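The values are calculated or read from the model by the stated rules, or taken from the named source; none is laboratory data. In this text the structure is predicted, and so the values were computed from the model without any measurement. Every residue, glycine as well, gets a Cβ built from its backbone with ideal geometry; the counts of neighbours run over all protein chains shown.
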Amino acid sequence: MPDHHLLGPFVRRFLLEEVVADRNLTLNTQRSYRDSICLLLRFLADRHATDPTRVTVEQVPAALVRAFLADLEEGRGNSVATRNQQLAAIHSLFRFVGRQVPELVDHASQIQAIPLRRVAPPVMAYLEKPEIDALLAVPDRRRAQGRRDYALLLFLYNTGARASEAAQLPVSALALGATASARLLGKGRKTRTCPLWPHTAEVLRELLGSRTEDSLDTAVFCNVRGQPITRFGIHSLVARTVAKAAKTVPSLRQKCISPHTLRHTTAVHLLRSGVDINTIRAWLGHVSLETTNRYAEIDLEMKAKALQTCTVGSSDRTPAWRKDKDLMAFLTSL
């Protein structure tokens, strides 16, 4: 096979040129694509005793990719969602290959034709107000570490920020004046501005102290060594906080809670407060309104309120079905 059909150079150009330079995707996305490609190459090496550095594009047909995907689920025990994530990375790689070499378009198209499998959307967990209050009550604000923890949890709840967005937040992205806000760098390197509650702004001012004027490029949230906290550190903080809060609010034990749960909580609480869905979309930085619309589907309280407006032709302000306690119990159980 000619050298220019080796897969390795395509992989390098895909990760450095396509993912970073052309599409301006985040470092996390680049690493995710890299890991997916590494898994595919290791599968090829294990099954066919092939040196990954000498693999050609032609040696990775659609049938081999399908076998790799089957191995992910059956051999490694990966979920359908994980399988789809790996396949999406492979689709992107071979779409790039097909654009670079016209004679490989048909080969690449066969791989791109492998469909993603349908997967039911996961149950979207969120916290009720007493539960989020219990989390915020855990940090000991008399200590520096407790003040940092409280400020970070409050910031996540106020803004709906992703863990990576909070971890990367520089001091310069905060405006803590009369109209306080935070500028977040989200997926696809898109920025958005979220308003901050007066209490959040006050807590952040206390946390930063003189850093609001000095070292504007430093991270807002740091670990005990003074280094920027990582998203894994934020996950660990949330897990520790939930474990302590569950001692006083047992309902927390029944939920799988991560920093993303706080993001869902922000959206649901905004929705309940009457904030329109487009504003919430901008607040959270969703590309698709369909993603934001999922929050409307999980709030049973809003469904019950919507049903109250459906009565027609009755002078009685209280709909007849509203007086039927058995019916209301049934509707609430849906």
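Worth pointing out:
- When Ile257 is tested against the conditions (1) in a helix (DSSP H, G or I); (2) surrounded by 11 or more Cβ atoms within 10 Å (Cβ to Cβ), the lone failure is (1).
- Filtered residue count, the range 1-18, keeping only those that are in contact (Cβ under 8 Å) with a residue 24 or more places away in the chain and under 22 Å from Arg189 (Cβ atoms): 3
- Filtering the range 123-178 to residues that are assigned to a loop (DSSP other than H, G, I, E, B) and of a type in the set (A, V, I, L, M, F, W, C) leaves Val123, Met124, Ala125, Leu127, Ala137, Val138, Ala161, Leu169, Leu176, Ala178.
- The listed residue being in contact with a strand residue (DSSP E or B) (Cβ under 8 Å, 6 or more places away or on another chain), surrounded by 12 or more Cβ atoms within 10 Å (Cβ to Cβ) and within 17 Å of Ile114 (Cα to Cα), out of Val80, Val57, Val65: Val57
- Matching residues in the range 143-200 - criterion: being more than 16 Å from the chain's Cα centre (by Cα) and either small (Gly, Ala, Ser) or on the phi > 0 side of the Ramachandran plot (or both): Ala144, Gly146, Ala151, Ser172, Ala173, Ala175, Gly177, Ala178, Ala180, Ser181, Ala182
- Restricting Arg211, Arg231 to residues that are over 24 Å from Arg142 (Cβ atoms) and either surrounded by 14 or more Cβ atoms within 10 Å (Cβ to Cβ) or free of Cβ contacts under 8 Å to residues at least 60 places away in the same chain (or both) narrows the list to Arg231.
- Residues of the range 30-54 satisfying the condition of being β-branched (Val, Ile, Thr) and buried (at least 18 other Cβ atoms within 10 Å of the Cβ): Ile37
- Of all residue pairs spaced 6 or more apart or on separate chains, those with beta-carbon atoms under 6 Å, a first member in the range 145-157 that is surrounded by fewer than 22 Cβ atoms within 10 Å (Cβ to Cβ) and a second member that is basic (Lys, Arg) are Arg147/Arg141; Tyr150/Arg141.
- Every residue from the range 1-49 that is within 20 Å of the chain's Cα centre (by Cα), among the small types (Gly, Ala, Ser) and over 22 Å from Asn84 (Cβ atoms): none
- Entry remark, the range 82-131: residues being among the small types (Gly, Ala, Ser) and touching a Gly at 6+ places or on another chain (Cβ under 7 Å) number 2 in total.
- Output for the range 271-283, where each listed residue is touching a residue at least 60 places away in the same chain (Cβ under 8 Å) and either among the aliphatic types (A, V, I, L, M) or outside any helix (DSSP H, G or I) (or both): Ala282
- Reported count of residues in the range 8-59, each being in a helix (DSSP H, G or I), among the small types (Gly, Ala, Ser) and either assigned by TED's automatic domain parsing to the domain that holds Glu165 or over 17 Å from Leu72 (Cβ atoms) (or both), is 2.
- Scan of the range 129-142 for residues that are more than 20 Å from the chain's Cα centre (by Cα) and in contact (Cβ under 8 Å) with a residue 12 or more places away in the chain, ordered by number: Lys129, Pro130, Glu131, Ala134, Leu135, Leu136, Ala137, Val138, Pro139
- Among (1) at pLDDT 90 or above; (2) within 16 Å of Leu152 (Cβ to Cβ), the one test that Arg211 misses: (1)
- A count restricted to the range 80-114 and to residues that are within 29 Å of the chain's Cα centre (by Cα), among the β-branched types (Val, Ile, Thr) and in a loop (DSSP other than H, G, I, E, B) stands at 1.
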